[in-house]
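Working notes, beginning with the structure itself.
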Protein chains: 2
Amino acid sequence: MTSAVRDQRSGARERRGSIGSQGDSGRVPVDTHEAAAILERSRASVDPELRAAIDLLPASMRRVALYHFGWEHADGTAAAGNAGKAIRPALVLAAATALGGPAARAAALRAAAAVELVHNFTLLHDDVMDRDTTRRHRPTAWTVFGDADAILAGDALQALALGLLAADPHPASAAAVARVAACVVELCAGQQADTAMERRGPADITLDEVLVMAEAKTGALLGCACAVGALYAGAAEEDVEALDAFGRQAGLAFQLIDDVIGLWGDPLHTGKPAGADLAARKKSLPVVAALTSGTPAAGELAELYAAPYEPADLDRTLLAVERAGGREWAQEQAADRMARAMHELARAIPDPESAGGLLCLAEFVTRRSN
Amino acid sequence: MTSAVRDQRSGARERRGSIGSQGDSGRVPVDTHEAAAILERSRASVDPELRAAIDLLPASMRRVALYHFGWEHADGTAAAGNAGKAIRPALVLAAATALGGPAARAAALRAAAAVELVHNFTLLHDDVMDRDTTRRHRPTAWTVFGDADAILAGDALQALALGLLAADPHPASAAAVARVAACVVELCAGQQADTAMERRGPADITLDEVLVMAEAKTGALLGCACAVGALYAGAAEEDVEALDAFGRQAGLAFQLIDDVIGLWGDPLHTGKPAGADLAARKKSLPVVAALTSGTPAAGELAELYAAPYEPADLDRTLLAVERAGGREWAQEQAADRMARAMHELARAIPDPESAGGLLCLAEFVTRRSN
């Protein structure tokens with residue numbers, strides 16, 4: 001991590017301190033453990049809802065969903081389950097708790113499951129479109145079941161998610177469906193921008209449009225998760241919007257760090273082969289920052305990106321992105337977005353004791369680079 | 001049309017007479033004109049809702065949707081529009097009118113648009129999966145914009161549909177979202193069964209499973225359209241279910257006739273090249289009926305279907321389906337399903353004056369074979 005990023009990140013922590021303090025002792029380890037505990041508790045609460053919802057699917061859709069969530073092997077036998085970190089349902093529950101206490105959390109379980117179903121519907125479809133072959137250390141659903149089954153299972157998961165929310169007797173149900181549906185449209189636009197960008201030459205692409213794309217593709221659903229939690233807590237409209245903005249900024253920070261991990265992360269941890277993003281000539285945020293940096297390394301990177309990928313070029317390409325400032329830019333941007341997220345959070349929830357869970361999750365996702 | 005089918009069809013008309021009569025004069029031409037007028041009036045009411053909804057999409061999704069609906073050419077210039085017959089929204093409005101009069105019809109416009117959006121989302125995705133290149137006399141969206149954009153536009157249309165319904169202040173809104181969402185899951189299962197069947201040998205496939213598939217793939221949404229109209233009229237649960245069953249049976253009749261038209265229809269009217277279904281070795285209802293007929297022609301058809309399609313074989317293949325009784329079976333089944341539909345309709349709406357619009361639409365879709 002660069003010192004600039006370190007400064008910005010401790011700045012974020014100071015801002016966090018400025019809206020109240022949970023004390024300075026053992027910040028990093030405590031937060032990480034706290035986040036892990038929040039994620040685990042969220043999963044324990046949401047998984048039964050998720051399983052019950054998926055069990056409602058016809059067998060042909062259910063087997064793809066159970067495989068995708070890691071609960072079944074391709075042959076239909078039970079698996080231990082590896083359904084990712086499930087940050088989005090945790091954000092729903094944390095937002096509901098922050099604004100409405102344990103009763104709101106309990107009421108929002110179904111909504112949390114719905115948000116996670118939406119996320120997984122988009123993953124199923126994105127993997128088909130991007131021809132990604134590995135997710136969560138396993139072959140993607142389309143490689144196992146074919147394109148049609150993966151597309152249809154995704155379609156069914158979207159319907160399941162919105163139907164589940166609509167059937168929820170909670171008074172926030174209709175507003176939540178409308179909000180999640182609008183978010184899906186934004187997710188689609190983000191993915192469309194992403195795939196369209198992949199077809200364009202790297203020289204045409206601006207950093208601004210990649211940021212807009214990333215906000216739509218990743219920020220929107222994290223924002224929506226927080227906003228749905230707020231809706232289920234009966235929050236005022238302006239607080240719902242502030243939580244949406246919080247989630248969006250944290251989501252963008254998450255994406256920036258995810259892109260950094262996609263380039264420099266350990267394949268054992270990412271579950272993707274080393275260099276996969278480079279091999280696909282993905283115009284991820286650090287890469288576009290590097291390409292548009294006007295540095296000599298940018299020219300070298302542009303040349304490398306113009307030629308087909310060779311595994312032998314991996315280290316040289318990574319070095320070019322780094323020398324052109326792509327890695328540092330992404331880490332600074334992530335810190336800046338986190339600071340904005342904290343600001344939005346403080347607007348809606350001035351009491352840091354109440355905001356604790358959301359803070360913890362937001363910091364957790366941007367600390368994954370360590 | 002065989003005389004057996006003619007008898008069954010006039011039987012259906014007698015049943016229609018038995019639940020009351022609109023008079024005998026000029027049955028066929030009057031009904032056809034009446035149905036055309038109902039469809040036209042429905043389109044005039046629903047199109048503005050549909051356009052307004054699609055206008056809410058981001059530009060990248062909107063252009064695919066506008067092209068798919070025939071409102072724009074591929075280059076984004078305005079087109080006259082050819083969005084199909086739009087039977088589903090007409091069924092929503094006819095059901096609402098039948099059970100709740102003009103006020104219910106007016107209240108159900110947004111729901112009618114939502115059902116049409118769902119139908120078109122499935123068409124966009126089905127065309128990608130089936131690699132169909134022509135729809136409504138034009139190149140399919142995926143051939144123009146690519147798979148990813150067609151998949152994403154479909155995803156966005158589903159979200160738009162369910163979000164539109166959820167945001168509707170009508171008291172039936174939540175029940176309608178839940179019902180439409182459940183229907184989408186069934187549509188997906190139907191399409192999955194269809195694509196899975198295409199990969200299997202013709203000898204393995206039973207007529208029953210093709211009927212079940214067709215009910216899920218086509219009947220479900222026509223049933224859902226009628227049920228949503230009933231919900232918007234504030235109908236009792238049993239009447240909602242009867243209208244769902246009416247639509248399902250009429251939908252199956254529609255699919256049977258559609259399959260017949262797919263084989264023997266005039267390409268100028270179907271918008272699909274002659275022999276497209278045979279070339280794709282599609283196991284449509286008449287083909288499976290023929291293959292499982294145990295006749296000598298079934299053997300000939302099985303042999304033809306085992307070999308790659310040659311345009312020169314078109315006439316011989318069609319003749320084999322016909323000689324094996326596939327065409328007659330489909331037409332008889334269609335008449336039988338229509339009779340069941342009439343029975344369900346009479347349960348919910350004993351007054352044929354009120355049921356007139358629904359009767360008219362149901363008879364219209366099964367009269368397309370003439």
Qualifying residues in region A:147-163 (those that are within 17 Å of B:T195 (Cα to Cα) and in contact (Cβ under 8 Å) with a residue 60 or more places away in the chain) - the one farthest from the other protein chains (Cβ to nearest Cβ): A:A150
Pick from region B:188-208, criterion more than 8 Å from chain A (Cβ to nearest Cβ) and in contact with a helix residue (DSSP H, G or I) (Cβ under 6 Å, 6 or more places away or on another chain), ranking: modelled with the lowest pLDDT: B:P202
Filter result for the condition that a residue is at pLDDT 70 or above, farther than 25 Å from B:I151 by Cβ and surrounded by 13 or more Cβ atoms within 10 Å (Cβ to Cβ), over B:A36, B:A44: B:A36
Criterion violated by A:P171 - all others in (1) open to solvent by less than 50 Å² (accessible area, probe 1.4 Å); (2) more than 9 Å from every other protein chain (Cβ to nearest Cβ) satisfied: (1)
Residue count for region B:190-245, restricted to those that are assigned to a helix (DSSP H, G or I) and within 22 Å of B:V260 (Cβ to Cβ): 25
Matching residues, region B:288-301, being among the β-branched types (V, I, T) and over 13 Å from B:D208 (Cα atoms): B:T295
Selected residue (criterion: farthest from the chain's Cα centre (by Cα)) from residues of region B:241-271 that are farther than 30 Å from B:R323 by Cβ and free of Cβ contacts under 8 Å to residues at least 24 places away in the same chain: B:E241
Residues satisfying the stated conditions in region B:134-153, i.e. of a type outside the set (S, T, Y), open to solvent by 10 Å² or more (accessible area, probe 1.4 Å) and within 23 Å of the chain's Cα centre (by Cα): B:R135, B:R136, B:H137, B:R138, B:P139, B:W142
Where B:A156 falls short, out of the listed (1) closer than 23 Å to A:L124 by Cβ; (2) within 18 Å of the chain's Cα centre (by Cα); (3) open to solvent by less than 10 Å² (accessible area, probe 1.4 Å): (2)
Residue in region A:116-132 that is away from chain B (no Cβ under 14 Å) and surrounded by 23 or more Cβ atoms within 10 Å (Cβ to Cβ) present: yes
Residue check for A:V144: at the interface with chain B (Cβ under 7 Å from one of its Cβ atoms), closer than 21 Å to B:H125 by Cβ and in a helix (DSSP H, G or I): no
Some residue of region B:281-299 being among the β-branched types (V, I, T), surrounded by fewer than 23 Cβ atoms within 10 Å (Cβ to Cβ), without any contact (Cβ under 8 Å) to a residue 24 or more places away in the chain and under 25 Å from B:K217 (Cα atoms): no
Residue in region A:56-102 that is surrounded by the most Cβ atoms within 10 Å (Cβ to Cβ), counting only those that are among the polar types (S, T, N, Q) and touching a residue at least 24 places away in the same chain (Cβ under 8 Å): A:T97
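The values are calculated or read from the model by the stated rules, or taken from the named source; none is laboratory data. Keep in mind the model is a prediction, meaning the values are calculated, not measured. So basically every Cβ, Gly included, is an ideal-geometry build from the backbone, and we count neighbours across all protein chains shown. The protein model used for the area step is the full one, side chains on, heavy atoms only, and it has no ligands, DNA or RNA in it. Shrake-Rupley method; radii C 1.70, N 1.55, O 1.52, S 1.80 Å.
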